[in-house]
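Okay, structure first, notes after.
The values are calculated or read from the model by the stated rules, or taken from the named source; none is laboratory data. Quick caveat: nothing in here was measured; it's all calculated off a predicted structure. We place every Cβ from the backbone using ideal geometry, glycine too, and count neighbours over all the protein chains shown. Heavy atoms of the whole protein, side chains included, go into the accessibility calculation; ligands, DNA and RNA do not. Shrake-Rupley method; radii C 1.70, N 1.55, O 1.52, S 1.80 Å.
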Amino acid sequence: MKLFISADIEGCAGTTMNYETHKNEPAYQKYAKQMTDEVALVCRTALEAGADEIVVKDGHGDATNIDFLEMPEGVTLIRGKSGHPINMMYGLDESYDAVLYIGYHAPAGDPGSPLSHTSTGASNFITLNGKRMSEFMLNSYTAAMFGVPAVFLSGDERICGLSRELIPAITTVSTKKGVGGCAWNTAPETVMKHLQTAVAGLFQGDVSARFSSCQVKLPEEFVYEVNFKDLKKAYQMSFYPGMEQVDERTIRLRSKNWMDIVTAHSFVVY
């Protein structure tokens, strides 16, 4: 069994403030270590439960947060940013059996985390077919494009709930609850225990049926809208091919091809 893991830092245990996610800040190292520990534990648990191969994509910032030296045998870690539009899902293809997300967070404009955003801090919010688009939603449609089910997510309480709206059968582990500018953080030891139990459970019973129940069906058409913080950026990005300007802060793209949407996203919000 071949697994793909996409990992972020904002939804890992403890991470609460923006500066804790930035490499030039003294506090960063302990949160990067927690990200590494959570990824390594999930990998070890999956390998012990029967996974044959795991590829991990470091998905935060410059994508060099996870300590490669802590990865167990059987794991390949993709560090750095290739420049491919699928970004946090780079490396995924039809050969994988399932996708797992670690350290995910609430989307831009959502009060579920002090760190709520979608890909960058450029937008007030982004919608896809009328719903606030999270990195989880973005990446799960990319997984669906390859026919790969998303079966597991860990992160803040809000993204756990949103993930179950899109994929009711997904297994989730909540690491914290955001309220305004704070987060109620679960102790790292408890988070690690919950991660181990939940991931081990993925491989019990009828695994094929469990994974199949997490397959997302792609909509027939996508309507992608970005509401920008910056007026100039909204105007500038309205010139992206196929984009229309809805109002002074909002641009819109319609397409029946998911790759059109994910490619546009990789340009206009960065």
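Tell me yes or no: at least one residue of region 180-196 is under 17 Å from the mean Cα position of the chain (by Cα) and in contact (Cβ under 8 Å) with a residue 24 or more places away in the chain. For region 180-196, residues under 17 Å from the mean Cα position of the chain (by Cα) and in contact (Cβ under 8 Å) with a residue 24 or more places away in the chain: present.
Could you run through region 99-112 and say how many residues are part of a loop (DSSP other than H, G, I, E, B) and on the phi < 0 side of the Ramachandran plot? Don't jump to the end; show me each part of the working.
As a first pass, look at region 99-112 and keep what is part of a loop (DSSP other than H, G, I, E, B): 105-112.
Add one more test, that the residue is on the phi < 0 side of the Ramachandran plot, and what stays is 105-108, 110-112.
So the answer is 7.
A Cβ distance below 7 Å, combined with a sequence gap of six or more or placement on separate chains, defines the contacts here; from region 44-56, residues that are in contact (Cβ under 8 Å) with a residue 12 or more places away in the chain reach residues that are small (G, A, S) and in a loop (DSSP other than H, G, I, E, B) in the pairs L47/G74; E53/G74; I54/G74; V55/G91.
All conditions in (1) in contact with a Pro (Cβ under 9 Å, 6 or more places away or on another chain); (2) of a type outside the set (A, V, I, L, M, F, W, C); (3) over 22 Å from S140 (Cβ atoms) hold for T118, with the sole exception of (3).
What helices (runs of 4 or more DSSP H), lying completely within region 161-270, carry at least 2 residues that are farther than 30 Å from T45 by Cα? Write out each step before concluding.
Working: elements: 188-202, 207-212, 231-237, 258-268.
Where helices (runs of 4 or more DSSP H) fall fully within region 161-270 and carry at least 2 residues being farther than 30 Å from T45 by Cα, they are 231-237, 258-268.
Name the residue that is surrounded by the fewest Cβ atoms within 10 Å (Cβ to Cβ), counting only residues in region 9-39 that are of a type in the set (G, A, S) and closer than 14 Å to A183 by Cβ. Step through it out loud before you land on a result.
Here is the first cut: in region 9-39, the ones of a type in the set (G, A, S) are 11, 13-14, 27, 32.
Retained after the next criterion (residues that are closer than 14 Å to A183 by Cβ): 11, 13-14.
Values: G11: 31, A13: 23, G14: 17.
Step by step, filter region 9-39, then rank; the result is G14.
Note on region 113-127: residues that are in a loop (DSSP other than H, G, I, E, B) and in contact with a strand residue (DSSP E or B) (Cβ under 7 Å, 6 or more places away or on another chain) total 3. Taking the condition of a type outside the set (S, T, Y), open to solvent by 40 Å² or more (accessible area, probe 1.4 Å) and in contact with a strand residue (DSSP E or B) (Cβ under 9 Å, 6 or more places away or on another chain), does A169 pass? Taking the combined requirement at face value, the residue satisfies it. The set of residues from region 60-69 being hydrophobic (A, V, I, L, M, F, W, C) and open to solvent by 10 Å² or more (accessible area, probe 1.4 Å) comprises F68, L69. Going residue by residue through region 148-156, is there one that turns out to be surrounded by fewer than 23 Cβ atoms within 10 Å (Cβ to Cβ), of a type in the set (A, V, I, L, M, F, W, C) and at negative phi? No, that holds for no residue.
Reported count of residues in region 220-264, each being surrounded by 14 or more Cβ atoms within 10 Å (Cβ to Cβ), out of contact with any helix residue (DSSP H, G or I) (no Cβ under 7 Å at 6 or more places or on another chain), in contact (Cβ under 8 Å) with a residue 40 or more places away in the chain and not hydroxyl-bearing (S, T, Y), is 6. K57 passes every criterion in (1) surrounded by fewer than 18 Cβ atoms within 10 Å (Cβ to Cβ); (2) under 22 Å from V269 (Cα atoms) apart from (1).
The residue of region 70-104 that is surrounded by the most Cβ atoms within 10 Å (Cβ to Cβ), among those that are within 14 Å of the chain's Cα centre (by Cα) and of a type in the set (F, W, Y), is Y104.
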